[in-house]
Every structure is written in C-alpha cells, then in structure tokens.
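Data first, discussion second: the structure below is written as structure tokens.
The values are calculated or read from the model by the stated rules, or taken from the named source; none is laboratory data. Computed from a predicted structure; not experimentally measured. As a convention, Cβ positions derive from the backbone with ideal geometry for all residues, glycine included, and neighbour counts pool all protein chains shown.
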Amino acid sequence: METVKVMLYILVFPGFLFQMIYSTYLEWVDRKLYARMQNRRGPLYTGWSGVLQPVADIVKLFAKEDVTPAASDKFMFNILPLVALASACTAGLYLPVWHLTGFNSFQGDLVVVVYLLAMPSFVLFLAGWFSVSPFSLIGATRVLTQLFAYEVPFFLALLTPAVVAGSWKIADIAKYPWASGNWWVIPLQVLAFIVAVLALQAKLERVPFDIPEAETEVVAGPLTEYSGKKLAVFRIQKDISMYAGSALIAALFLGGFGGGLYLGALQLVLKTLLVVALLSVIRGACARIRIDQIVSFSWRYLAPMSIVQFLIVLLLKGGGVI
Amino acid sequence: MAENTIKIPVGPQHPFLKEPCKFEFEIKGEEICGATIRMGYNHRGMEKACEDRNYYQCLYLLERICGICSHSHTTAFVQAVENLLELEVPKRGLYLRALVCELERLHSHLLWLGVAAHEVGFDTLFMYTWRDRELVMNILEEISGNRVNYAINTVGGVRRDITADQRKKLLEISTVLKERLAYYANIGTNEPSFIARIQGVGKMSRERAIEKCAVGPFARASNVDIDVRRDDPYGIYPELEFKVITSESCDILGRVVVRVLEMVESCKMIEQILQKMPEGEIAVQKVPRRVPAGTAVSRYEAPRGEDVHFVRSNGTDKPERVKVRAPTLCNLEAAAESVVGSYVADIPIAIASIDPCFSCTDRMTVLLNDNRRGVRVATWEELRRHGVDWYRQNKGIRF
Amino acid sequence: MKFDYEKELRTLFPNGETRKTSERRYWINVPPGELQDAVRTLRDKLGIVHLSTIVGEDLRDAFMNSYIFSGEVVVTISVRIDRDKAEVPSLAPVIDGAMVYEREIHDLLGIVPVGHPDLRRQILPEDWPEGVYPLRKDYVVAQGPVDPDKKEEA
C-alpha cells in the first residue's frame, strides 16, 4: 500500500501527471497573454479558446521524425532530454502545493529544489555540447555564461524568506505567515521577489534573457539539432520548470497555499498565474539583451538588490522584529 | 585566419536571413573579427533575360526583381525609357507614381522596423508594426489590385487612377500612421532593452560610408546627406516639400530613427500629393514600340536607397542592355564591415540594419523547361536524390 | 549662377568627347589607361565621389565599362575595352565601393579589373565552368544552364 501511495505521489499528484496538465495550462495562459499584449489572438482552435494548443503541439512533436545527428554522442544526446525532464519533475515534487506538505519534505529541501531547477540548464549545456553543431556549441556556452549570471542572485533572493521563517524547509517557509500572522513580511520582501522573478525569467530562457536560444542568432541554440520526441520532452520540461519555478516563488514570497482544501487550490491557481502573468509582461515588453549585458545586469543590479534585501531582513531578525 | 578563431557560417539558410545570402564570420569567443560575403543565391538572369524581351515585357520582368520594392525598379526603368523616347508624362500620372512610391516606402520601412525588432527579439514591436503595415498593404491593393508587384507603371504613365473613396481612405491612413509612428519613435528611442541592443552597434563612420558608396537610410544614418529625390529630382518631387532626414549617431539607433522619421515625411508627402494632384490624363495615349538608339541612366530613391537603372537601346523594340543596381549591393559590404568588432549577437541586427534585399541584389540563370533540348527543371524529388547521392559520393556522409 | 558642368567637364577632359543627353546627364569617353586619373579628377576637382554603379556591356565588337558617378549631376565615364584583351585598370585603389561592381562584371562578362584585390566569384555558382560568361552576347540562353554533373557522366 505504501508503495502505491508513493507511486501515486510521484506519477499523479503532485508528480508528473498533475504537473504536465497544469503546466500546459500555464503555457496556454502565457501564450494568450503574450498574444494579447501584441495585439494578436493567440491560440484559438484547439479546445476552448485554444486551451489544448500546448498539448496539441507536444502531440504533434511526438509524431514527428526524430533525427540524431551522425556526429553527436548518441547516448548522451538521447538520454539528456529525460534527465532534464526528471529533474524538473522532481523539483516539483518537493513543493507544498495545494494545502499539502511537499512529498518527502525535509529540512533543507529548498536547496535541493534550487539545485534541481538549475539542473535543466546544465543539461541544456551538455545537450548543446554533445550535438556538435556550431550553433549548439555557441548556445551551450551561452547557457553556462548566463547560468553564472542569474543563479547567484536567484539563490540570494530565495534565501531571504528562508531567513525570515528561520527554516530551510519550503513547507515551513510557506506556512510562516499563516502560523505567525506576520503577513507584513510579504510586502517587506518585494525586492527579493522582483529579483527572483527576473532570475526565473532568465532560468526559463525567455525574452529578454533568451540569449542561449536566440533564434535569429543561433537558430535554437543547444536545441538546434533536437527534433521530434526529444524536442517534445524538452518542451514539457520547460513548461514544468515554469510551473515549478512560479509555484516555488509563490510558496516562498506570496504566502504559500495554506487555508484548507478549496482555498489552497484557489491560491495555487491564482498565485502561480500571477507569477506567470508577470513573466509574460516582462516577455512582452522587452527586447533580447546581449550576453555581456545580462552578466553586467545581474551583477550590477540583481545581486546588490538581493543582498540589500537580505541585509534588511537580517537586521530585522537580529532586532527581534521577526 | 587568426589564432583561436572559429568560422561560423551564416546562411545561405539562416533564421535571420529572409533571403539567401552567405556570410562567413570569424569569431573569437563572442567577438567578431572578420566577415566575408557570398551572394548569388537568388541570381535569376534578369539582365540577360531583358535582352530577349521587348520593353513592355521587361517592365513586367523587372517588376518581379523584388517583392518589396517592385515599384522602385519599374519606375526607374520607365524613367529611363521615357528619357530615351523623350516622352512627356502627364502630371497626374507622375503624381500617382509618387503616391505609390511613398506608400511603398511606408510599407517597406514598417516591414523593416518589424524585422529589426524581431532580430533583437522584440517581437511585440514586430507584431505592432506589421499590423500597421497591413493598412498600407490594403490600400495599395485597392489602388493597384495587388499587395506586391503593383504593376501600376507603364511606359508613359500609370495604368490605374484612384477614386474619391480611395483618396479619403488614404488620408485616414496617413492620419492613423502618423499617430502610430510617433509611438514607435518613442519606443525606438526609449525602451531600455531595445536601446541597449541598437545603440553604438554596427558603427559606420561618415568617411567609410562615403568611401563604400553607401546609399539610402543607411548612409543618411551615418550623416551622409544624400537623397535622390532632392539631389536628382525626378517626377513631381521638385513640387513637394520634404525634409531629408539624417542622423549623426552612425549606428543602428540612427538607422531606426532615420527610417521612422522618413515614414512621417512620407505620410506628409502623401497628403501633399493628394492635395496637389491635378485632373487629367494618367498616361500618354500613344507610345511608340521602338525606342531610338541611345543610353539613359535613371536614378530613383527606393526605400533602401538609390536604385540605378541603365538602359541602352538599339533602335528596335528590345533593349540592348539593361543594368539594374539595387541599393542593397552597395550597402552590403559596408554592413559586413560594420559588424567587425561587435558581438555575435549583433550580427542579425547589424546586417538587417541596411534592410537587405537579396533578390534585388542578385538578379541574373534562367530556369528553363525546354523538352526539345532535353533541359528541364528538376523536381523536388530529383533534387533531393541528387543531393543525397552527391554527399554520399563526395563527402562520404551516409543518410 | 548655376555651375556650368558641361563647360567645366570639357576643360577638365579635353579629349573626352563630353556629351550631354538630358538634364543632369553627362557622358565622357576615356581610354582605359586614363580611367583612374579621370576618376581622380572628377573626385578632386568636381567633388563627385559617389560611384552609383559600373555597367559592363558587350558591344559585340568590344566591351564597354561605364562608370556612373553621381553628385549634383550624373557623370558617366565610359571605357572601351578590347575584346581580345579584356582588361581594365581597377578602380578599387581610388574608390573602395567599386570593388563589388568590378567583381560582378568579372563574373558575368569576364572583364578583368587589373589590380583588384579580391576576385572571387560573387554571383555565379562555384561549379560554373571557367571562361563562360553569361552576359556576353555570344552566350545563348536557350542552351540552358550548364549542368555540373555532365562531366561525371561522360
């Protein structure tokens, strides 16, 4: 019985199935919002108002021819999409979605989730490296360069709520405002929230940080040689990363999803949608910046911002206010 | 090849190139230290083909040099032929030509602005400008019957007149566009991430631009004050009031600003044209088929710059030689040069900043399906098989 | 008073057979050897620096290169070139922008610009046979494009 329960956790909720369905929905929202900002209609035909379009895209990709380049490292080339998907899904497992505590939650799972969310970027680098094409190679080096730019501010920003709650456990951090009643810590952490959202945008490689896969420069970057099923797996991974990232930010900065069954579900939808909407707005309002610009942007603005926020929280904590 | 550099091929097929052209960039890390160009992928043998056709057939062939600036090429050509024939084109015909010309400039620049925004990943601006471009395309379709390749020019005038209804619509569009253009000028010069990508990128100094004989908005953005409409006025341009927009910034930002402001000028010109257009004939009624021997050079300010047509006639109804020099050809080398020293990420926008149009640039190889001589156009399947075999034999690649 | 280009051109190029065909269109003939000097004169004395294009032509008994310069007026310098010795001094040392047009003419007409730094093919494909110039009048289009695979079959 215990095994079945674990399997259900992993495969159904909050595991793979739920994540896949919900993340395609988030992708639809993102595409729709982005389209409306550009004075377009966005997906329209598949399902109600095109809500099934992301699923249809993935199904279509699965039906497409799957080419493995002759020069690539076949084993790595084939295995990497699955590694990326697995790490994104596993990251999602630890999140305290709905009113539940995350599956197998433990002290320090925040670090694990951050690590798992960083995994797909490494995988992307390797995927570019092993597909041996000039565009993939340039894309791969860009993935790594960008990773060093945003990862530190991202982690520093996530550290802030952990310090506030005095715990390394996501579930505890999410519960903190509910348990202590200190709701004012949410507006207090707005700086860290901004940094986290921007870094998540960079993590997901979306405009203005879509430098590794800038289509007019390096075709599709590390994914240039990928097609068919493997590309579809990467697509699913990207969606799930978006879900996991936005849910993580919602759990840490927006007070989590407490308050019982229905209120929890409602909060999950609203809060992740809020984060995704922010991501879409950023995507719609910016041009792609250059790789040197993202490095200087991260270290000149994002990192100092998160450090300032961190200091504020530390001082308040030391002063016994929190 | 310098040490530690790798060569990346860009093209003939590449997402940023809407048309085939091959660039080879030598890069060191992310920095570019050399560029070479190979053209000719769109060579269709038009200049040679013109020698076998009479002037009217040439007109339709030249219309198809390029989809975007089709009116430019035909106008330049008919101007040369009219010069040889010493025809006096009716005023209304010239006004209509200028009207289509300015509309074409609007739609071309709007297209460019969208493409430029897309090259730096600013898809929102891309969608906006292409939406507005539809306004221009629709009215062009209404006036001429076609969205591209308007076929409105003929030797001695134009083929269609505009109606009062179209006149009203044109004025409306001009008002709407002026408002939108102000908005784009604002975005183009204020949106920080967009500015970060275009300011100081693709530098081309005034001296180099003159040496390289650059033309059009590209040259004007490097503060070279040339505009055929003013320097070598043709048609009705002496009667219109307009400013030649130049910029001193010598970079892509300057090219954006120049093009946006030029569009505003075009809107104003359209209003003037509609206001001043006289009644009367739109074309010369009887045009001789045979053109007296002679040579003529015709210049025309196409959206991308100076378009030159050279026609040598030999007294028959076919030209002896037609030479077309599209503006992209003279700007292309300059653009490749302007990329050197910047980053890989700047390649697309820097090349796109001249608004390249390779079908204009490469013109000439005629496709034949001549069964008598056993020459035919290969089918897709044959081409594919040929390619597979060729690579298997010569490169040892197995598919 | 308006600058009289015709008179000025006649004094600058005394044996250049200056013609004026229409408003702002002037034509000068010079022998190939004097081309570079003529262009320099045009540039330094009249300030006409913009080379619009170079037109290569096959006149059947000779070739002709016409260098179209434009400033306030359009001055076309024409050079007659022997058919047997299709060579002309390159303008590349004088005007950078001339390179691209000279390459094109070299490709299509086989007129060699002597002193040109880079004469790779620009328009014709790499497998186009040497010595076949499509814009020459003796090249008949009806023959169709040359099939690069013909050789291998034979």
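Before moving on, here are some points about what is shown:
Each row is one residue, and each column tells you yes or no for (1) outside the structural domain of B:VAL264 (by TED's automatic domain parsing); (2) within 22 Å of B:GLU248 (Cβ to Cβ); (3) of a type outside the set (Asp, Glu); (4) surrounded by fewer than 21 Cβ atoms within 10 Å (Cβ to Cβ).
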position	(1), (2), (3), (4)
B:GLY157	no, no, yes, no
B:ASP161	no, no, no, yes
B:ARG167	no, no, yes, yes
B:LYS178	no, no, yes, yes
B:ASN186	no, yes, yes, yes
B:GLY200	no, yes, yes, yes
B:ALA209	no, yes, yes, no
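- Residue within the stretch C:85-95 that is within 18 Å of C:ASP58 (Cα to Cα) and either among the hydrophobic types (A, V, I, L, M, F, W, C) or surrounded by 23 or more Cβ atoms within 10 Å (Cβ to Cβ) (or both) present: yes
- Some residue of the stretch A:292-300 being in contact with a strand residue (DSSP E or B) (Cβ under 9 Å, 6 or more places away or on another chain) and either closer than 28 Å to A:MET119 by Cα or surrounded by fewer than 18 Cβ atoms within 10 Å (Cβ to Cβ) (or both): yes
For every residue, the table says whether it meets (1) surrounded by fewer than 18 Cβ atoms within 10 Å (Cβ to Cβ); (2) under 25 Å from A:GLN267 (Cα atoms); (3) touching a Lys or Arg at 6+ places or on another chain (Cβ under 7 Å).
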| position | (1), (2), (3) |
| --- | --- |
| A:MET7 | yes, no, no |
| A:PHE16 | no, yes, no |
| A:MET20 | no, yes, no |
| A:THR24 | no, yes, no |
| A:TYR34 | no, yes, yes |
| A:ASN39 | yes, no, yes |
| A:GLY42 | no, no, yes |
| A:LEU52 | yes, yes, no |
| A:LEU61 | no, no, yes |
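- Helices (runs of 4 or more DSSP H) (entirely within the stretch A:222-322) containing at least 1 residues that are touching a Cys at 6+ places or on another chain (Cβ under 8 Å): A:228-253
- Residue match in the stretch B:53-60 (condition: within 14 Å of chain C (Cβ to nearest Cβ) and either in a helix (DSSP H, G or I) or modelled with pLDDT under 80 (or both)): no
- Residue in the stretch C:25-44 that is more than 20 Å from C:LEU109 (Cα to Cα), more than 11 Å from chain B (Cβ to nearest Cβ), touching a Pro at 6+ places or on another chain (Cβ under 7 Å) and not in a loop (DSSP other than H, G, I, E, B) present: yes
- Taken together, the criteria exclude C:MET64 from residues that are facing another protein chain (nearest Cβ under 8 Å), at pLDDT 85 or above and either within 19 Å of B:ALA326 (Cα to Cα) or outside any loop (DSSP other than H, G, I, E, B) (or both).
- Filter result for A:PRO69 (surrounded by 15 or more Cβ atoms within 10 Å (Cβ to Cβ) and not in a helix (DSSP H, G or I)): yes
- One residue from C:ILE95, C:ILE54, C:ILE48 being β-branched (Val, Ile, Thr) and under 10 Å from the mean Cα position of the chain (by Cα): C:ILE54
- Residue that is farthest from A:VAL295 (Cα to Cα), among those in the stretch A:202-214 that are assigned to a helix (DSSP H, G or I) and within 12 Å of another protein chain (Cβ to nearest Cβ): A:GLU213
- Residue that is facing chain C (nearest Cβ under 10 Å) and over 30 Å from B:ALA209 (Cα atoms), where the choices are B:GLU333, B:GLU320: B:GLU320
- When residues of the stretch B:338-369 are limited to those that are touching a helix residue (DSSP H, G or I) at 6+ places or on another chain (Cβ under 7 Å) and within 10 Å of chain C (Cβ to nearest Cβ), the one modelled with the highest pLDDT: B:THR361
- If the condition is being loosely packed, with under 14 Cβ neighbours inside 10 Å and within 11 Å of chain B (Cβ to nearest Cβ), then the stretch C:101-124 contributes C:ASP118, C:ARG120.
- Among the helices (runs of 4 or more DSSP H) confined to the stretch B:161-222, the ones with at least 1 residues that are away from chain C (no Cβ under 14 Å) and either farther than 28 Å from B:GLU306 by Cα or of a type outside the set (S, T, N, Q) (or both) are located at B:164-190, B:192-198, B:216-221.
- Test result for B:LEU94, closer than 27 Å to B:ILE282 by Cβ and within 19 Å of the chain's Cα centre (by Cα): no
- In the set A:LEU231, A:LEU198, A:LEU268, only one residue is buried (at least 24 other Cβ atoms within 10 Å of the Cβ) and out of contact with any Ser or Thr (no Cβ under 6 Å at 6 or more places or on another chain); that residue is A:LEU198.
- Among residues of the stretch B:228-244, those that are under 13 Å from B:GLY305 (Cα atoms), touching a helix residue (DSSP H, G or I) at 6+ places or on another chain (Cβ under 7 Å) and buried (at least 18 other Cβ atoms within 10 Å of the Cβ), counted: 1
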